[in-house]
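The values are calculated or read from the model by the stated rules, or taken from the named source; none is laboratory data. Only a predicted model underlies this, so the values are computations on that prediction, with no experimental measurement involved. FYI the Cβ positions are ideal-geometry reconstructions off the backbone, even for glycines, and counts take in every protein chain you see. Note: accessible area is taken over every heavy atom of the protein model, side chains too, but ligands, DNA and RNA are not part of it. Shrake-Rupley method; radii C 1.70, N 1.55, O 1.52, S 1.80 Å.
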Amino acid sequence: MAHDAVRFIHALGFDQVDLLGLSLGGFIAQVIAEEEPRLVRKVILACTGPAGGDGIDKVPALAIQATIKGTLTFRDPKLSLFFTDTANGRRAGRALLRRLKERTDNRDKDISLPAVRAQMKAVKRWGRQSPSDLSTIRQPVLVANGENDRMVPSMNTIDLAARLPKSELVPLYPDSAHGAVFQNHEDFVARAIGFLES
């Protein structure tokens, strides 16, 4: 996926880019920053972790459980996967689902089952591989997550930031999970813009 993204960036004619990687996209952004240092100016890693991070290989099982639970309770699985089961978390989850419906034109097609399987396989493989030497990533990196991420456990975010030489860790968002940057979008966007403009 990282190699495909690099080819796409080059096809668009860019010599240097900033990367924002969320979850699986964060895994991909780490690989790109490591393998193509001249291509990447700055990196933002959200709700993600390093290769071999504790619990990352459990994401497929969590996603299946949430999908089954969502089907049985008529609730979108994103609510339990991305948000805490608190009044604040449930409110933020419902707000995200409303925002996702705002755009009516040029919407992405629903993801196919083979694509979901491929993503889950990639996430599991990332979680089970040996940790990468993140000290080779010399670009400035902003790292963010919620303090209650079940999918990519929050301790991985702290570990990720500690292992990146030029990282800035956003204090973990309280009462937030894997959807922390959606739940706290106003603060996160302001921090991201400030980071990219600095």
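Residue-by-condition table, conditions (1) open to solvent by less than 60 Å² (accessible area, probe 1.4 Å); (2) within 17 Å of the chain's Cα centre (by Cα); (3) of a type in the set (Lys, Arg):
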residue	(1), (2), (3)
ARG117	no, no, yes
ASP133	no, no, no
LEU142	yes, yes, no
ASN145	yes, yes, no
MET151	yes, yes, no
ARG163	no, no, yes
LEU172	yes, yes, no
ASP175	yes, no, no
VAL189	no, yes, no
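Taking ARG138 as the residue in question, decide whether it is open to solvent by 90 Å² or more (accessible area, probe 1.4 Å), more than 16 Å from the chain's Cα centre (by Cα) and touching a residue at least 60 places away in the same chain (Cβ under 8 Å). Working first, answer last.
Numbers: open to solvent by 90 Å² or more (accessible area, probe 1.4 Å): yes; more than 16 Å from the chain's Cα centre (by Cα): yes; touching a residue at least 60 places away in the same chain (Cβ under 8 Å): yes.
When the stated conditions are applied, ARG138 passes them.
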State yes or no: is THR157 open to solvent by less than 90 Å² (accessible area, probe 1.4 Å), of a type in the set (S, T, N, Q) and under 14 Å from THR48 (Cα atoms)?
yes
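Name the residues in segment 3-31 that are among the aliphatic types (A, V, I, L, M) and within 22 Å of HIS178 (Cα to Cα), would you? Lay out the reasoning, then the answer.
First, pick out the residues of segment 3-31 that are among the aliphatic types (A, V, I, L, M): 5-6, 9, 11-12, 17, 19-20, 22, 24, 28-29, 31.
Answer for segment 3-31, where residues must be among the aliphatic types (A, V, I, L, M) and within 22 Å of HIS178 (Cα to Cα): LEU19, LEU20, LEU22, LEU24, ILE28, ALA29, VAL31.
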Pairs needed: first member in segment 113-126, within 18 Å of GLY26 (Cα to Cα); second member anywhere, surrounded by 13 or more Cβ atoms within 10 Å (Cβ to Cβ) and charged (D, E, K, R); C-beta distance under 9 Å; at least 6 residues apart or different chains.
VAL123/ASP57; LYS124/ASP57; LYS124/LYS58; ARG125/ASP57; TRP126/ASP57
Any idea which of PHE195, PHE182 is in contact (Cβ under 8 Å) with a residue 60 or more places away in the chain, open to solvent by 20 Å² or more (accessible area, probe 1.4 Å) and farther than 19 Å from GLY55 by Cβ?
PHE182
Suppose the filter is assigned to a helix (DSSP H, G or I), hydrophobic (A, V, I, L, M, F, W, C), farther than 17 Å from PHE27 by Cα and touching a residue at least 24 places away in the same chain (Cβ under 8 Å); does LEU160 pass it?
no
Quick one: which helices (runs of 4 or more DSSP H) lie wholly within segment 1-105 and hold at least 2 residues that are exposed (fewer than 13 other Cβ atoms within 10 Å of the Cβ) and free of Cβ contacts under 8 Å to residues at least 24 places away in the same chain?
2-11, 59-73, 87-100
